[in-house]
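The values are calculated or read from the model by the stated rules, or taken from the named source; none is laboratory data. Nothing here was measured: the structure is a model prediction, and the numbers come from that model. Every residue, glycine among them, receives a Cβ derived from its backbone with ideal geometry; neighbour counts consider all protein chains shown.
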Amino acid sequence: MNRLLLICLLIFLFLGCSEDKAVSTLPPTHPSSWINSDSPDFHGNVVINRATAKNCMKCHGEDMDGGISEVSCIDCHLEQGACVSCHGGVDNLTGAPPKGLDGETSPTTRAVGAHTAHLNALNAKSVECQDCHYIPAFLLDTLHINLTNLDSIAELTFSNLAENTIWHRTSDSCSNSYCHGNFDGGNTNNHPIWTDTLGAECGSCHSVAHNMSDFHMKHISYLGVAGLICGNCHGSVIDTLNNFTDKSLHVNGVIDTLVLDPSLCYDCHASGPDSCYRCHGGLDNLTGAPPTGLDNETSFTDIAVGAHTAHVAGNRFTNPFDCDICHIKPDAIIDTIHLDGDNIAEVTFNSLAGNSSIWNRTAERCENVYCHGNFDGGTNLDPVWTAQNQADCGSCHDIGVDPGTLGWKHEYHISIAGMDCSHCHSQVVDDTLGLINLDLHINGVADTTIADQVLCDNCHGSEVGCVGCHGGLDNQSGAPPYGLEHETATTVIAVGAHTAHVTGNTMSDGVACESCHSVPATVLTIGHLDGDLIPEVTFGGIAGGSANWNRGAAQCTNTYCHGNFPRGYAANSPIWNSPNQSDCGTCHPATGDYSSMSGRHYLHIVEEDIDCYRCHSTAVDDSRNIVGYDIHVNGVINISFSSGHGRYDGTLCTSTGCHGTEYWQSYK
């Protein structure tokens with residue numbers, strides 16, 4: 001509070017800073033030396049000695065904006081730009097002390113130190129005040145001038161790039177500071193002395209060409225062996241004469257890499273994967289998969305090495321995986337996604353690994369990857385990258401011990417029918433469970449090839465055999481009253497309205513399977529057993545050539561069966577797993593407004609009160625009940641006059657008993 005009063009009274013001294021209250025209309029209250037900082041009467045000294053601002057507030061107001069004195073303290077000390085009034089920095093308006101609160105001006109004093117050197121750095125991005133201090137919003141900010149703390153010591157609150165820094169006041173030094181070497185390859189023991197003018201000499205934060213002791217192995221190789229210099233790889237920051245070309249990119253938290261002359265790289269790094277081993281190892285198989293990490297790690301227990309070779313060299317379970325399964329491969333060494341400075345390889349899984357795959361670097365494990373069990377019937381193992389035996393046989397899916405975990409019909413075929421893996425996957429595995437074609441294992445597809453069709457024909461020898469997998473036993477239709485994973489509710493997409501379609505109802509005598517699916521001739525027909533448990537919908541026959549299936553919405557659109565015909569409700573899109581989708585009147589008008597129907601329907605039904613059955617007597621009765629299920633929803637408009645005579649040739653109605661020969665579509 002004393003310092004607050006000190007500043008406020010200083011404002012009174014500089015009345016020239018005030019505009020509205022520049023000249024007080026009141027008689028003088030303070031001595032003439034009130035604004036002389038060398039005088040014991042200087043207002044700042046008075047504020048400190050009294051240790052209270054209340055006396056000042058009596059005249060200058062509680063908000064220090066003038067009060068009855070008509071002299072505002074705020075006029076000079078409100079904005080951050082006014083920092084120079086107390087802290088100096090007038091020459092550059094930084095407010096960084098070239099003078100301390102007690103008039104210190106030498107950089108060898110703690111209050112001054114290296115403030116200006118930080119804010120006006122010569123060879124690096126300048127440091128902002130807020131990197132080391134809390135910046136007050138205005139003069140009277142409680143964290144700025146604290147009248148209960150009169151030690152005149154600036155509190156340090158590190159943030160941004162300096163957030164891990166520790167200040168040691170007794171030794172006037174910083175430690176653990178990124179800005180001075182606390183980074184990979186930096187001089188982490190560099191503890192610059194705040195009052196030493198040589199605290200940030202070139203080479204103090206990280207090694208330079210003549211002293212490479214802190215660099216990792218690749219810097220040593222490039223600088224010491226290949227003869228490169230900093231500017232060859234960091235051309236956006238420094239030139240080949242070691243002059244900084246853009247100091248904003250130096251000490252900015254990023255290793256900015258720009259190779260100005262790629263030919264220097266290609267002397268050692270030809271294009272193509274065979275050159276990867278120069279940095280990443282893999283020399284024995286030219287894979288470039290680290291048996292050696294970028295910092296010379298060689299043990300599989302190191303995350304940089306881990307199971308790389310096991311993946312790219314292949315093993316008894318699979319052929320070699322390409323690097324792009326887990327990483328984006330650069331086309332050239334200088335690709336922007338390649339050399340990014342942190343020595344940490346980005347993991348970007350491709351489609352084989354699965355869209356839900358996750359790399360957990362902290363736990364050193366992959367999660368939800370297809371390759372280790374994240375598939376239907378798999379164990380969804382989360383292998384530890386730096387541990388051995390993570391892909392033993394049986395670790396990704398069951399191999400006969402507990403077939404029930406495999407899903408679908410595995411348990412029935414293995415446990416009841418006595419079959420083994422080779423009976424249905426004969427191109428992948430033999431009867432001893434030995435893998436015989438690594439191309440077909442862990443390839444994203446459940447490759448199904450039956451070794452002996454006789455085994456299948458025992459149960460699946462005819463079309464009736466569909467019920468074994470798809471249900472429909474009560475009507476022998478093979479239309480799922482239960483899905484392949486034993487779903488039974490019609491609200492489930494695997495079941496839905498199958499039975500309603502194939503067995504018929506009060507509207508129709510049923511729709512054949514081939515109206516919506518390609519029906520296999522046998523269980524082994526190509527395209528039938530494809531592993532994903534999702535039936536392909538291929539409309540044909542009565543459904544119409546423009547019909548569409550939207551699995552996400554579980555809807556059919558543009559189907560003849562539900563209204564896509566002349567004067568029908570073409571926009572009718574029934575929900576597959578919702579009831580009452582084919583009630584009478586959902587496909588074409590049955591009551592009410594007949595104006596949308598073709599020809600002279602409106603004239604006959606509305607004006608002449610002639611009901612449907614008079615012209616469609618074999619399809620509907622006089623109560624509008626469907627009686628000819630086989631000729632309703634059959635793709636044809638069946639005309640049969642209830643009078644027992646008359647004829648319709650598609651254009652004319654003749655001798656119907658109601659009239660002579662008339663055009664159906666309009667009057668002629």
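Details
- Scanning region 512-555 for residues being farther than 22 Å from LEU440 by Cα, among the small types (Gly, Ala, Ser) and assigned to a loop (DSSP other than H, G, I, E, B) gives a total of 11.
- Answer residue from region 608-663, given it is part of a loop (DSSP other than H, G, I, E, B) and acidic (Asp, Glu) and is nearest to SER582 (Cα to Cα) among those: ASP621
- Taking first residues from region 442-453 that are part of a helix (DSSP H, G or I) and partners that are of a type outside the set (S, T, N, Q) and modelled with pLDDT under 85, the Cβ contacts under 9 Å between residues at least 6 apart in sequence or on separate chains come to GLN453/VAL523; GLN453/LEU524.
- Among residues of region 310-322, those that are modelled with pLDDT of 90 or more and within 19 Å of GLU364 (Cα to Cα), counted: 1
- Considered as a group, the residues in region 523-540 that are touching a residue at least 60 places away in the same chain (Cβ under 8 Å) and more than 34 Å from the chain's Cα centre (by Cα) include one that is surrounded by the fewest Cβ atoms within 10 Å (Cβ to Cβ), and that residue is LEU524.
- Listed conditions (1) outside the structural domain of PRO480 (by TED's automatic domain parsing); (2) outside any loop (DSSP other than H, G, I, E, B) are all met by CYS561, apart from (1).
- Residue in region 316-326 that is under 23 Å from the mean Cα position of the chain (by Cα), at positive phi and without any contact (Cβ under 8 Å) to a residue 40 or more places away in the chain present: no
- Test: residue in region 186-207 that is charged (D, E, K, R), part of a loop (DSSP other than H, G, I, E, B), at pLDDT 85 or above and surrounded by fewer than 18 Cβ atoms within 10 Å (Cβ to Cβ): yes
- ILE637 being buried (at least 17 other Cβ atoms within 10 Å of the Cβ), under 60 Å from the mean Cα position of the chain (by Cα) and free of Cβ contacts under 8 Å to residues at least 60 places away in the same chain: no
- Take the conditions (1) at pLDDT 75 or above; (2) in contact with a Pro (Cβ under 7 Å, 6 or more places away or on another chain); HIS30 misses just one of them, which is (2).
- The listed residues are GLY585, GLY545, GLY599, GLY568, and the only one of them that is farther than 30 Å from TYR482 by Cβ and touching a residue at least 60 places away in the same chain (Cβ under 8 Å) turns out to be GLY599.
- Test: residue in region 323-331 that is under 30 Å from SER236 (Cα atoms), out of contact with any Gly (no Cβ under 8 Å at 6 or more places or on another chain) and not in a loop (DSSP other than H, G, I, E, B): yes
- In region 354-370, the residues that are in contact (Cβ under 8 Å) with a residue 40 or more places away in the chain reach residues that are surrounded by 13 or more Cβ atoms within 10 Å (Cβ to Cβ) with C-beta atoms within less than 6 angstrom, at least six apart or across chains, in these pairs: GLU364/ILE303; GLU364/VAL384; GLU364/TRP385; GLU364/THR386; TYR370/ALA353; TYR370/GLY354.
- Top-ranked residue in region 62-71 [being surrounded by 13 or more Cβ atoms within 10 Å (Cβ to Cβ) and at pLDDT below 80; ranked as farthest from SER152 (Cα to Cα)]: ASP65
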